[in-house]
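Each remark here refers to the structure printed beneath this line.
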Amino acid sequence: MAIKTAFMGFRHPHIFAAYDYIEENMAAKKGLEIVACCEEDEKTREELQGQGRIRLTHSSFRRMIEEVDFDLLVVGDYFGKRGGIISRALEAGKHILSDKPLCTGRKELERIAALAEERELTVGSLLELRYSGNFIKVRKMVRKGEIGPVHSISFSGQHPLLLHTRAEWYNEPNKHGGTVNDLLIHGVDTIIWITGMDFKEVISARNWNTGISHLPHFKNGAQVMLTMENGCGVIGDLTYISPDSFGYTLPLYWRITFWGEKGVIESGYTWDHINLFAEGEREVRRVEPCASIRGGAIEAMMRLVNGSPRDDDYSTVKILEMSRFCLKAQEVADRGPGNSK
């Protein structure tokens, strides 16, 4: 039996890839069916209707919940609105697949966690970075012990600002919620998935407005210093200051470097290979990636809802743990220098 799916909010572009994948899945009769789509913002609704890409059925989330029988809600509204949407859907007995982040406040997250546990519902997130062929291969290499225990990790998740196309709500009060919480979970999820280790502590975090003083609510710069359970140190850069003209093509876009006891592994989302610097060798080894998996997070969600998850799938508990950690890092950044507790 197909999982009946509804969409709530189309104000972030990530949601369109999910819609396209599920629509294709539905056409191929592979287990998902789109039964309703809601957008409450009038301007966005008019744009969507003009494009003809999304078949909107509702302009009120409350009415969609009341009128439509569905199993899974896919959430793509602006960040500050998601927590309330997710809680309301969980109260109505719906599973959740949300774009990241799930919400922008710790109280919202704990409400989501309590509802998911109480009603035995699944909460998933569209974390697709781990399904890149490069990182699938890096995981295999790290898990095989090719560089031994990992002692240090650095990652760069810099994004272009693209003000001419980026949603206006990024600079509106209480809608974005912070660049650390916005972007960090991609790095956290991928690193946990690759290494098999959990994060332990936020040592420091910073976010600031840089180069866009005319948009004071959007702190487009963000950096973090973290530790993992084995003492491994992690440094990440999560800024929106990458050159617009390169889009998302720079080799610095989600580049991750793993420093191990027996060597170094490095790759990035846009790379066509993995670099291995093995101890005892003098030449870098270029390693071919695995095939990428399109729609991996959606397929994992289907397995969770159907009660047949794989060992390497995310879980509701893990999604909530990672979200909690990223919100803590955002709180540290918001408190300013010297306030890590």
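The values are calculated or read from the model by the stated rules, or taken from the named source; none is laboratory data. Computed from a prediction, not measured in an experiment: that's the story for all the values here. Ideal geometry is used to build each Cβ from the backbone, glycine not excepted, and the neighbour counts take in all protein chains shown. Accessible surface is based on the protein model in full, side chains and every heavy atom, while ligands, DNA and RNA are left aside. Shrake-Rupley method; radii C 1.70, N 1.55, O 1.52, S 1.80 Å.
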Surrounding charge for residue 40, neighbours by C-beta under 9 angstrom, Lys/Arg +1, Asp/Glu -1, total -2
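How would 184, 121 line up by accessible area, probe 1.4 Å, largest first?
Numbers: 184 0, 121 20 Å².
Descending order: 121, 184.
How much of the DSSP bridge set in the chain is antiparallel, in percent, rounded to the nearest 5?
Details: 32 of 56 bridges.
Within the chain, antiparallel bridges account for around 55 percent of the total.
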Whenever you get a sec, compute what percent of the accessible area on segment 36-100 sits on carbon and sulfur atoms (1.4 Å probe). 37
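On the accessible surface of segment 137-200, probed at 1.4 Å, how many percent belong to carbon and sulfur atoms?
Working: 1160 of 2380 Å².
C and S fraction of accessible area: 49 percent.
Which value in deg cm²/dmol, rounded to the nearest 500, describes the helix-derived mean residue ellipticity at 222 nm for the chain, given -39,500 (n - 2.57) per DSSP H run of n ≥ 4 and division by the residue count? Let's see the in-between values first.
Numbers: 9 runs with 116 residues, N = 341.
That calculation yields -11000 deg cm²/dmol at 222 nm.
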Among 227, 259, 280, which residue has its Cα furthest toward the positive end of the charge dipole of segment 219-341, with +1 on Lys/Arg Cβ and -1 on Asp/Glu Cβ? 227
Counting other Cβ atoms within 10 Å of each Cβ, which GluC sites (Glu not before Pro) in segment 192-301 have at most 14 and sit in a DSSP loop? 229, 261, 279, 281, 283
Starting from the 7 Å offset along Cα-to-Cβ, what nm value, one decimal, do you get for the label separation of residue 198 and residue 62? 4.0
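Per residue, how much accessible area does segment 272-341 show when a 1.4 Å probe rolls over the protein heavy atoms, in square angstrom? Before the final figure, lay out the partial values.
Numbers: 4010 Å² over 70 residues.
With all protein chains present, segment 272-341 gives 57 Å² per residue.
What pairs from 43/175; 4/29; 100/137; 144/318; 30/137; 100/144 go past 19 Å between their alpha carbons? Can you show the working numbers first?
Details: 43/175 16 Å; 4/29 12 Å; 100/137 24 Å; 144/318 23 Å; 30/137 27 Å; 100/144 30 Å.
Beyond 19 Å between Cα atoms: 100/137; 144/318; 30/137; 100/144.
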Inter-label distance, nm, simple model (7 Å from Cα along the C-beta direction), residue 284/residue 46: 5.1
Nearest 10 degrees is fine. How inclined is helix 79-91 to the longest principal axis of the chain, computing both from alpha carbons? 60
Tell me the relative contact order for the chain as a rounded percent, counting alpha carbon contacts under 8 Å between residues six or more apart. 18
Per DSSP, loop trypsin sites (Lys or Arg not before Pro) in segment 74-158 with at most 12 further Cβ within 10 Å: 144
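Please compute the contact order of segment 1-96 in relative form: average sequence separation of alpha-carbon pairs under 8 Å and at least six residues apart, divided by the residue count, as a percent. Provide the component values of the computation, followed by the final result.
On the way: 150 pairs, mean separation 33.7, N = 96.
That works out to 35 percent.
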Which of the aspartates and glutamates could be linked to residue 219 by a straight reach, that is with a Cα gap under 16 Å, when you skip same-chain ones fewer than 8 residues away? 168, 172, 182, 237, 331, 334
So, with points 7 Å from each Cα along the Cβ direction, the residue 92-residue 312 label distance in nm works out to 3.6
The answer for the net charge of residues other than residue 288 whose Cβ lies under 12 angstrom from its Cβ, with Lys and Arg +1 and Asp and Glu -1, is +3
